[in-house]
Amino acid sequence: MALESLSEALTGALKKITRSSVVDKEVVKDVVKDIQRALLVADVNVQLVLQVTKNIEKRALDEELPPGISRKEHIVRIVYEEITKFLGEKAEKIVLQPAGTPTILLMVGIQGSGKTTTTGKLARHFQRRGFKVGVVCTDTWRPGAYFQLAQYLEPVNIDVWGDPESKDAVRLAKDGVRHFKDKKHDIIIVDTAGRHKEEAGLIEEMREIAGAIKPHETILVIDGTIGQQAKGQAEAFKNATTLGSIIITKLDGSAKGGGALSAVSATGAPIKFIGEGERIENLEPFEPERFVAKLLGFGDLKTLLTKVKEASKDKEMSKKDAQKFMAGKFTLKDMYQQLEMLSNMGPLQQIFQMIPGMGANLPKSFVEDSEKNLYRYKVIMNSMTEKELADPKIIHFSRVKRIARGSGTKPDDVKALLGQYEMMKKMMKQFGGKRGRIKKMAGKNNPLAGMNFDLPE
Ligand SMILES: Nc1nc2c(ncn2[C@@H]2O[C@H](COP(=O)(O)OP(=O)(O)O)[C@@H](O)[C@H]2O)c(=O)[nH]1
Ligand SMILES: [Mg+2]
């Protein structure tokens, strides 16, 4: 796990809240001190630490308690929100080109930062999502660089292109990209030597190769063990390119990782992945909310936060969301969330029983099928890109094939999910339009098939 020691310290601090019988000013101050100490030990910048702990203390003491929530839950939520804020709030993804155009990614970073390892991990990440990935080695400095990559990627059948004899990195980059373009690969990742120890040389090398291959995105790999020093690299990089993102490595077992993450986040450069180990699978998309949840020791923060969020949610807001949904304006992701919410609340059977006119006699096999579908949907959706999730219309046959390959399902399964989506859309429109009775929706994959029920007023 990433940032283990910071996680332990923060979890310990929060336990003080959950364990104390009354949460008064003393307890809050004590906990805030613990958090302060934990962040400083993780090499987070002092100013940042003061800011974040001041916010936590102020909100914990001053804010009115939302209805239906205990003071403990409220404070936990505040800590979670403030720490998320300073690690970057939004999860950002690597943008892929439309099907048919290969996406070219250029990896840069100083010597030993973990570029080559991360190149391999990233290739594996995309391969698992059904993309054909090619890796280009342009490291003409390190003896055996090509073989390092080839050995790392051979067991997982990812193609590596290079020429151990060549001394011309720019030439290698160009030839490699051309090679994989000709072979119609979806994603081409170019690893570089990064023979420099400081920023200036690094940026120079990056410019040279970028000029030759015109990457869609350049990715700076930063060693997380350098703590808040990471800021200098991130800033130089951000000033040099607009098409850049960052991967921070070695967050496993590094005491200073929190400092690296927060310092880079403060520069505004997007962190898209983190590395947390040497194995090819040890790469995690960086999703601040989920990351902080884990950091604070909530395997299941979602449950707590959903509870907190729901209780304090502005009623007008949720009505608006519902209206949008009813008008058929939702994405695959929205649909999945709705279905998941149902399943989080326990067996679907129970839910169905709560809907007037439904459920009493639902056959068991039907409920089991729905739950199985939900699991399969999740696997399939994990192989889709953000664009596809937001706009399923673009998923034509070649994409269906790719998604099925990536998720280990059949094209028919992918089509079934898309069919369900279309059906739900249609149904919701009907629902929203007439606010009335829905009759006998067709199709056996539709959880509401054949049901009659009235929309509760
Ligand atoms: N523990 C750990 N080690 C890593 C991680 N990423 C890379 N490394 C190690 O860091 C060292 C340098 O990595 P390498 O990819 O060769 O760096 P490069 O010089 O930038 O290409 C190697 O020993 C890697 O195994 C990580 O996330 N966690
Ligand atoms: Mg290397």
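Taking the simple approach of a point 7 Å from Cα along Cα-to-Cβ for both Leu61 and Arg128, what is their distance in nm?
Going by the 7 Å Cα→Cβ label model, 4.6 nm.
Highest mean first, how do 65-72, 154-161, 181-188 rank when packing is the count of other Cβ atoms within 10 Å averaged over residues? Please list the in-between numbers first.
Values: 65-72: 13.0, 154-161: 16.0, 181-188: 17.5.
My ranking of the peptides, most packed first, is 181-188, 154-161, 65-72.
Return the subset of Lys121/Lys214; Lys214/Lys401; Lys54/Lys387 for which the Cα-Cα distance in this structure is over 31 Å, preserving the input order.
Too far apart for the 31 Å limit: Lys54/Lys387.
Work out how much length Phe147 to Val95 would gain on full extension: take 0.36 nm times their residue separation and subtract the Cα-Cα distance, in nm to one decimal.
Full extension of this stretch gives 15.8 nm more.
Subtracting the Cα-Cα distance from 0.36 nm times the residue separation, let me have the gained length for Gln51 to Lys378 in nm, one decimal.
On the way: separation 327, 0.36 × 327 = 117.72 nm, distance 3.86 nm.
Gain on extension, Gln51 to Lys378, equals 113.9 nm.
Counting pairs of alpha carbon atoms under 8 Å apart in space and at least six apart in sequence, what relative contact order in percent does the range 4-86 give?
For the range 4-86, the relative contact order is 29 percent.
Using the Karplus curve 6.51 cos²θ - 1.76 cosθ + 1.60 with θ = phi - 60°, what ³J(HN,Hα) values do you get for each residue of the range 26-42, in whole Hz, with x for Gly and Pro?
4, 4, 4, 4, 4, 5, 4, 4, 4, 5, 4, 4, 4, 5, 5, 4, 7
Just grab the label-to-label distance for Ile394 and Asp182, each label 7 Å out from Cα along the Cβ direction, in nm (one decimal).
3.0 nm
Putting +1 on Lys and Arg Cβ atoms and -1 on Asp and Glu Cβ atoms, find which of Ala38, Val52, Pro66 reaches farthest to the positive end of the dipole of the range 4-86.
Of the candidates, Pro66 comes out farthest on the positive side.
Grab the Cα-Cα distance for Glu165 and Thr11, subtract it from 0.36 nm times how many residues apart they are, and report the gain in nm with one decimal.
Working: separation 154, 0.36 × 154 = 55.44 nm, distance 5.20 nm.
Gain on stretching Glu165 to Thr11: 50.2 nm.
Would you mind computing, in nm to one decimal, how far apart the modelled labels at Asn157 and Ala200 are, each placed 7 Å from Cα along Cα→Cβ?
4.9 nm
Here are some pairs, Lys333/Lys425; Lys93/Lys324; Lys29/Lys58; Lys183/Lys393; which of them have Cα atoms lying more than 21 Å apart in this structure?
Lys93/Lys324; Lys183/Lys393
Need the C-alpha centroid separation for the range 15-35 versus the range 166-187, integer Å.
57 Å
Could you please report the charge total around Asp252, scoring K, R as +1 and D, E as -1 over all other residues with beta-carbon less than 11 angstrom from its beta-carbon?
Numbers: positive: Lys250, Arg279; negative: Glu4, Glu276, Glu278, Glu284.
Here the count lands on -2.
Note down the net charge around Gly194, summing +1 for each Lys or Arg and -1 for each Asp or Glu among other residues with Cβ under 13 Å from its Cβ.
-4
When ranked by the protection proxy of mean other Cβ atoms within 10 Å per residue, highest first, what sequence do the peptides 21-33, 234-246, 76-88 form?
On the way: 21-33: 14.5, 234-246: 18.4, 76-88: 20.6.
Peptide ranking by packing, descending: 76-88, 234-246, 21-33.
Where Lys and Arg each count +1 and Asp and Glu each count -1, what net charge lies around Gln229 among other residues with Cβ under 12 Å from its Cβ?
Counting the neighbours of Gln229, the net charge comes to -3.
Let's test the formula: R0 of 41 Å, r as the Cβ-Cβ distance of Lys429 and Leu243. What FRET efficiency results, to the nearest 0.05?
Between Lys429 and Leu243 the formula returns 0.55.
All of the numbers you see were taken from the coordinates with simple rules; none came from a lab. Treat the numbers as computed from the prediction; the structure is a model and nothing was measured. Virtual Cβ from ideal backbone geometry, glycine too; neighbours counted across all protein chains shown.
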